[in-house]
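No lab work stands behind these numbers, since they all come straight from the coordinates. The structure presented is a predicted model; accordingly, all values stated were derived computationally and were not measured. Using ideal geometry, Cβ is built from the backbone for each residue, glycine included, and neighbour counts are taken over all protein chains shown.
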Amino acid sequence: MRGPEWLCRIPRASIQLHPSQIKAAVGCVLRRADDDVDKETVARFEESFGRYQDSSFSIAVSSGKVALALILDGLGARRGDGIVMASYNVPEVISVVAGLGLRPRLADIDPDTLNIDPDEVLRVADKRTRFLLITHLYGHPADIDRLVAAADSKGLTVIEDCAQGLGATWRGRRVGTFGRASMFSFGMMKNLNTIQGGMVCTDDEALATRVRRMVVKAGFMRRAPLLKGLASSIGLRVATSRAPFSLGLFPIIRVAEGLTPALLHQATKMRPAAFETGNLDIRPMISGMNGIQAAMGLAGLPRVDVANAMRAHNAVRLASRLDGLPGVRCQMPLDAAGQSWLNFVIRVRNRLALKRSLLREGIDTTMGFLMACNRMPSMIEDAGRCPVSEELEDTNLYLPIWPELDDRDIDHVADSVIKAMDRK
Ligand SMILES: Cc1ncc(COP(=O)(O)O)c(C=O)c1O
């Protein structure tokens, strides 16, 4: 039975942290922290993940960014090499690539799929460009067929950024299996949460050997920061469950949004200067995954497809209600794509007004933290304008579709958006 409305506010997201994951992590902490246990747990997670991904080699590392850096290093990326990337991106990813001495070549995104536009890849790849990084934004597979064809015609090595795409498919095959290598992220907001963590997947044995060598040299991630991360992940999980959220965070968000919505958004987007200047040196952050993370990954992996299906159910229901609503545009999947629906993002011109209306209905939303990276100070000169990315940064709003929401919640979100848009 549902409680009263004031106890059923809808948070923007829920942290994916299953009790079995907490149990696995605690079990690992209680055991003696010895290297062999860590190695064995990490190896088991790598094997399970490799089976899930149908990848010959999987190497567990400390984050998605680290995975990308290791792939590039392993592929022999040299200073000055170009890499085509979606301009709408996580700025830290651009900074990591630039910090390695590569030249990000930013390609604008497609206005319907919101993924990197294959025609733009052809436009921005120059003679010194060697790589194409394909990001599957919000769990929507990019147009693999056309992107691989574009990469082939320019002689580019394809790497897939599956940080948001775990479980998504293209023509029935998992994303992350179409390039030379792929990277995954298991951060707190992802559909597999190991607090921090990432994975390199590849069928290229020589590349896998080089990546493995670098990871072994770097050693395991330290336990102390992870334990802090685990505590905050549990705290966030509790704070974003319905009743505690309704009584605790929601009233604070409502007051803060009412007073300074734009300021609040700016604050959530603030980053250390290194991210903006493209000087992020990832090398000190390189390490292998710790046993605690691997234990969480092992416990969480069997639930990924289940939770993805629940999110997909919610997303399809919401999309069908919003279809054709004037002033609201949804991300359009391609026919060959099977989405994992990490996020449900709409574009709407006056999103602050919509955000405020939804808050009045008890629904919390976010404008996210990605950006049109051509606007980064380090990229402005090289990248020029990327109008579709800029428009997405200025109009996006993430609506909640997380797995535990039921049909009534989703209908309430849809009704509230429709009501707010009608009023405009
Ligand atoms: C598309 C994308 N790429 C890369 C990353 C970086 O992953 P990590 O935070 O694990 O380094 C993220 C993280 O949010 C992401 O969303």
Dipole of the chain, positive end: most advanced residue of Pro251, Val148, Gly197 [Cβ charges, Cα centre]: Pro251
Estimated distance in nm for a label pair at Lys127 and Arg321, the labels positioned 7 Å out from Cα along Cα-to-Cβ: 5.6
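Using alpha carbons only, what's the Rg to Rh ratio of the chain with Rh from Kirkwood?
Values: Rg = 20.9 Å, Rh = 22.0 Å.
Result for the chain is an Rg/Rh of 0.95.
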Reachable lysines, given that their alpha-carbon falls under 22 Å from the alpha-carbon of Lys355 and they are not under 8 places away in the same chain: Lys269, Lys419, Lys424
Environment charge at Gln331 (Cβ cut-off 11 Å; Lys +1, Arg +1, Asp -1, Glu -1): 0
Estimated distance in nm for a label pair at Val306 and Ile418, the labels positioned 7 Å out from Cα along Cα-to-Cβ: 3.2
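Give me Phe184, Phe250 sorted ascending by neighbouring Cβ count inside 10 Å, so fewest comes first. Provide the component values of the computation, followed by the final result.
Numbers: Phe184 26, Phe250 21.
So the ranking, lowest neighbour count to highest, is Phe250, Phe184.
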Mean-position separation - Cα centroids, region 112-164 and region 279-346, in angstrom: 19
Over 30 Å (Cα to Cα) - which of Lys65/Lys127; Lys39/Lys228; Lys127/Lys190; Lys65/Lys154 fall in this group: Lys127/Lys190
Inter-part distance where region 398-413 and region 49-77 are each reduced to a Cα centre, Å: 33
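Starting from region 334-396, pick out the chymotrypsin sites (Phe, Trp or Tyr not before Pro) whose DSSP state is loop and whose Cβ has at most 16 other Cβ atoms within 10 Å.
Values: sites: Trp341, Phe344, Phe369; in loops: Trp341, Phe369.
Sparse-neighbourhood loop chymotrypsin sites (Phe, Trp or Tyr not before Pro): Phe369.
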Of Pro141, Pro387, Pro118, the one that fluctuates the most in a GNM where the chain has Cα springs shorter than 10 Å: Pro387
Extension gain, Arg173 back to Cys8 (0.36 nm per residue minus Cα-Cα distance, nm): 55.6 nm
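I want the local charge near Cys162. Using Cβ-Cβ distances under 14 Å, sum +1 for each Lys or Arg and -1 for each Asp or Glu among the other residues. Write down the numbers at each step before the final one.
Values: positive: Lys65, Arg173, Arg174, Arg180, Lys190; negative: Asp54, Glu160, Asp161.
The answer is +2.
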Summed residue charge, Cβ within 9 Å of Ile410's Cβ, Lys/Arg positive, Asp/Glu negative: -1
FRET efficiency for Lys39 and Asn350, using Cβ-Cβ distance with R0 set to 35 Å, rounded to 0.05: 0.05
Under the span-like rule (Cα at least 18 Å along the axis, Kyte-Doolittle mean at least 0.5), DSSP H helices of the chain: 223-239
Label-to-label distance, nm, for residues given as Arg79 and Glu361 (7 Å Cα→Cβ offset): 5.5
Candidates Leu249, Leu318, Leu68: whichever shows maximal mean-square fluctuation once the chain is modelled as a Gaussian network with Cα springs under 10 Å: Leu249
Share of Cα-Cα pairs in region 19-224 lying beyond 21 Å, as whole percent: 51
